[in-house]
1. Quick one: with all protein chains in place, what share of the accessible area of the chain is carbon or sulfur, to the nearest percent (1.4 Å probe)?
2. Give the aspartates and glutamates reachable from LYS98 as a straight Cα distance under 20 Å; neighbours fewer than 8 places away on the same chain don't count.
3. Apply 1/(1 + (r/R0)^6) to the Cβ-Cβ distance of GLN33 and ASP87, taking R0 = 22 Å, and write down the FRET efficiency to the nearest 0.05.
4. Going down the table (LYS11/LYS76; LYS69/LYS89; LYS11/LYS71; LYS76/LYS105; LYS69/LYS105), which pairs top 28 Å between alpha carbons?
5. Tell me, what is a quarter of the convex hull surface for the C-alpha atoms of the stretch 41-93, in nm² with one decimal?
6. Solvent-accessible area per residue for the chain at a 1.4 Å probe radius, Å²?
7. Would you kindly calculate the translational diffusion coefficient of the chain, applying Stokes-Einstein with the Kirkwood radius from alpha carbon pairs, for 4 °C and a viscosity of 1.567 mPa s, and quote it in µm² s⁻¹ without decimals?
8. List the relative contact order of the chain as a percent without decimals, with contacts defined as Cα pairs under 8 Å and 6+ residues apart.
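The values are calculated or read from the model by the stated rules, or taken from the named source; none is laboratory data. Because the structure is predicted, anything quoted here is derived from the model rather than measured. We place every Cβ from the backbone using ideal geometry, glycine too, and count neighbours over all the protein chains shown. Note: areas computed on protein heavy atoms with side chains; ligands, DNA, RNA excluded. Shrake-Rupley method; radii C 1.70, N 1.55, O 1.52, S 1.80 Å.
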Amino acid sequence: MAASRYRRFLKLCEEWPVEETKRQRDLGVFLRQRVAQAFREGENTQIADPEACDQMYESLVRIHTNYYKNKYPRLKDTSFTGVTVEDCKMILATDILKQMEDMKKGTWKRLREKFYAKKPEEDSK
């Protein structure tokens, strides 16, 4: 029975997309890591709580297939802020978040980091 659960999770991992714009924060990558941890021995892994495993699988399938999005359709594709899905994806990209983090730094801190940071060749002298 563990072999069939393992194969179902592997199939789900194959179908789940990986979003390259969210490096280190992508749900698809996290899911693959968790499946690898949970099924260390592959098909021979002993599952302590099969009911919880099946429930987790069904929940992930509902997320993957947009079950609740289809069950409860929205009238508009924007939120109360008026931001569209595409705008949200762009804002949540890792590169944009890093740029925003850099912008939060004060001018003095940026100048200090720029001019007073030790260079690798200075450390060897």
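1. Solvent-exposed carbon and sulfur of the chain make up 56 percent of the total.
2. GLU19, GLU20, ASP26, GLU86, ASP87, GLU113
3. 0.15
4. LYS11/LYS76; LYS76/LYS105; LYS69/LYS105, as the Cα separations exceed 28 Å there.
5. Computing the convex hull of the Cα atoms and averaging its projections yields 6.4 nm².
6. Ligands and nucleic acids excluded, the figure is 86 Å² per residue.
7. 69 µm²/s
8. Computed value for the chain: 25 percent relative contact order.
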